[in-house]
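K.L.:
Take a look at the following structure, please.
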Amino acid sequence: MADHKEYWSTESDQGSIRISEDVVASIAALATSETAGVSGLYSTLTSDIVNFLSKKNLSKGVRIELGDEDTVKIEIGFLALFGHNICEVAKQVQENVKNAVESMTGLKVTEINVHVGGVTFTPAPAAEEPAPAAKAPEADPEE
């Protein structure tokens, strides 16, 4: 494999298992986006440039650092939805991501750093316009 990704791997008597950091990032991104109060993922221009230069193609807004002894550190950036308690949403993101990554990969999450990049607002529902009234046929004056 001629890619520049990092992998977590383990060997057993049945063969080896390799999990790409992109897989861990995708799991974390999905767990974040499914959390109530999260509008979307957020990444800064700086992190985009660093990822491009280091040739790492991670999920937008998620950075993964695989460690020794089956550990992982995760950084997540997201946009909060207006009206939700940002601290509570961030704590819920940490919990959801930790549970998802640990249960799906077997890796131990040592830390999850959350960056709230902004607040978004839900669009106001469009006011329904009344349907145009059907015109009654005009009476023909010659009748």
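K.L.:
All but one of (1) touching a Ser or Thr at 6+ places or on another chain (Cβ under 7 Å); (2) part of a loop (DSSP other than H, G, I, E, B); (3) modelled with pLDDT of 75 or more hold for residue 59; state the number of the condition that does not hold.
P.N.:
It is condition (3) that residue 59 fails.
K.L.:
Pairs needed: first member in segment 60-77, under 15 Å from residue 96 (Cα atoms); second member anywhere, in a strand (DSSP E or B) and charged (D, E, K, R); C-beta distance under 6 Å; at least 6 residues apart or different chains.
P.N.:
Going by the 6 Å Cβ cut-off, the qualifying pairs are 73/65; 73/111; 75/63.
K.L.:
Within segment 99-113, can you find the residues that are under 16 Å from residue 19 (Cβ atoms) and touching a strand residue (DSSP E or B) at 6+ places or on another chain (Cβ under 7 Å)? Outline the logic, then answer.
P.N.:
Our first condition is that a residue be under 16 Å from residue 19 (Cβ atoms); within segment 99-113, this holds for 100-109.
Of everything in segment 99-113, those that are under 16 Å from residue 19 (Cβ atoms) and touching a strand residue (DSSP E or B) at 6+ places or on another chain (Cβ under 7 Å) turn out to be 101, 102, 105, 107, 108, 109.
For every residue, the table says whether it meets (1) more than 28 Å from residue 26 (Cβ to Cβ); (2) modelled with pLDDT of 95 or more.
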| site | (1), (2) |
| --- | --- |
| 71 | no, no |
| 97 | no, yes |
| 101 | no, yes |
| 117 | no, no |
| 122 | no, no |
| 130 | yes, no |
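K.L.:
Quickly run through segment 8-23 and pick out the residues that are assigned to a strand (DSSP E or B) and touching a residue at least 40 places away in the same chain (Cβ under 8 Å).
P.N.:
Residues satisfying the conditions are 8, 10, 19.
The values are calculated or read from the model by the stated rules, or taken from the named source; none is laboratory data. What you are looking at is a predicted structure, and each value in this text was computed from that prediction instead of being measured. All Cβ positions, glycine included, derive from the backbone under ideal geometry; neighbour counts span all protein chains shown.
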